[in-house]
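One structure is given here, and the rest of the page talks about it.
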Amino acid sequence: MAKETGLKETIRRKLKSLRDSITEKERRLKSRLIKKNLFGLKEFKNANTVMFFVSFGSEIETINMIKKALGSKKKVVVPCVMKNPKRIIAVEITNPDTELDVSTYGILEPKNRTKEVLPGKIDLVLVPGLGFDSSGMRVGYGGGYYDLWLKNFSIEKRIGAGFDFQVISKIPAEENDLRLGKIVTDKRVIDCSTTERR
Ligand SMILES: Nc1ncnc2c1ncn2[C@@H]1O[C@H](COP(=O)(O)OP(=O)(O)OP(=O)(O)O)[C@@H](O)[C@H]1O
Ligand SMILES: [Mg+2]
């Protein structure tokens, strides 16, 4: 196992348990602040089609972001995780209350996958993560799904979203890891393009 891989595992474990330890109230409160920062972003304002993720476990709460975006006439797409070959597809939703169902992975996904939207039609991708650093590096659950998916997008379209305590000084990078252009937290918006990778 490469040195980076082991380090990433340690970071994943630590940040996962930290995130799992916050209260529901805190999670809701911080998620509202993340929403405010996201909706204030010019890249977000200019985006017609936005890819959100549907929160799972202790991730930031995105349901209200999705509803607000739909209410402001944006097209919303969310990921469906596919096997063989391993990939993400983006599917349009118009009502998260009725169109989602728990997938085999335990994540809420569109029941009906007919409204697939190709990456070229997506203006901004909100990227989840267990950890981020200010150079735009991220660590997810370890599936490599987002790394594969993000190859379809230029860096300005990749926006990380997470709690501020998930931003640590350095995430070890491996060859396939892709950087984010900005990271939105409950405390700030980090412009990763102005930060040198240390
Ligand atoms: N573009 C890619 N092509 C092929 N394999 C990849 C690619 N990106 C990542 N992988 C593989 O996927 C596995 C997990 O990658 P990594 O540890 O970076 O996960 P992660 O970034 O935490 O997951 P995710 O992107 O799903 O949030 C690794 O074995 C990695 O080699
Ligand atoms: Mg990765």
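All of the numbers you see were taken from the coordinates with simple rules; none came from a lab. Quick caveat: nothing in here was measured; it's all calculated off a predicted structure. Because the Cβ atoms are built from the backbone with ideal geometry, glycine has one as well, and the counts that use them run over all protein chains shown.
Observations
- Mean-position separation - Cα centroids, region 116-172 and region 42-94, in angstrom: 13
- Ranked CYS192, CYS80, criterion: other C-beta atoms within 10 Å, fewest first: CYS80, CYS192
- Label-point separation in nm, ASP164 to ARG87, each point 7 Å along Cα→Cβ: 4.0
- Summing charges over neighbours of ILE93, with a neighbour being any other residue whose Cβ is under 12 Å away from its Cβ, gives 0 when K and R count +1 and D and E count -1.
- Fewest-first ranking of VAL102, VAL76, VAL189, using other Cβ atoms within 10 Å as the exposure measure: VAL102, VAL189, VAL76
- Mean separation of Cα contacts under 8 Å (6+ apart) over length of region 42-198, as relative contact order %: 20
- Between THR194 and ILE155, the contour length at 0.36 nm per residue exceeds the Cα-Cα span by 12.8 nm.
- Per-peptide average of other Cβ atoms within 10 Å, ordering 119-126, 67-74 highest first: 119-126, 67-74
- Pair SER17, PHE56: separation of 7 Å Cα→Cβ label points (nm): 2.2
- For the chain, a/c is less than 1.5, where a ≥ b ≥ c are the root eigenvalues of the C-alpha gyration tensor. That puts it in the rounded class.
- Take the Cα of LYS42, step 7 Å toward its Cβ, do the same at LYS3, and the gap between the two points is 4.0 nm.
- Zone residues, region 63-78, relative to ARG32, backbone N less than 20 Å from point 7 Å out along Cα-to-Cβ: 63-72
- Along the chain, the exposed loop sites are GluC sites (Glu not before Pro) outside DSSP states H, G, I, E and B with at most 10 other Cβ atoms within 10 Å, and the longest stretch free of them is 1-174.
- In sequence order, region 70-78 has phi-based couplings of 4, x, 9, 6, 8, 8, 10, 10, 9 Hz under the Karplus curve 6.51 cos²θ - 1.76 cosθ + 1.60, θ = phi - 60°, and Gly or Pro positions carry x.
- ³J(HN,Hα), Karplus 6.51/-1.76/1.60, whole Hz, each residue of region 26-38, x for Gly, Pro: 4, 4, 5, 4, 5, 5, 5, 5, 5, 4, 4, 5, 5
- Here region 2-73 is described by how far its Cα atoms reach on the three principal axes: 44, 31, 18 Å, from widest to narrowest.
- With 24 Å as the limit, the listed pairs LYS35/LYS73; LYS74/LYS182; LYS121/LYS151; LYS16/LYS121; LYS14/LYS83 have LYS16/LYS121; LYS14/LYS83 beyond it between alpha carbons.
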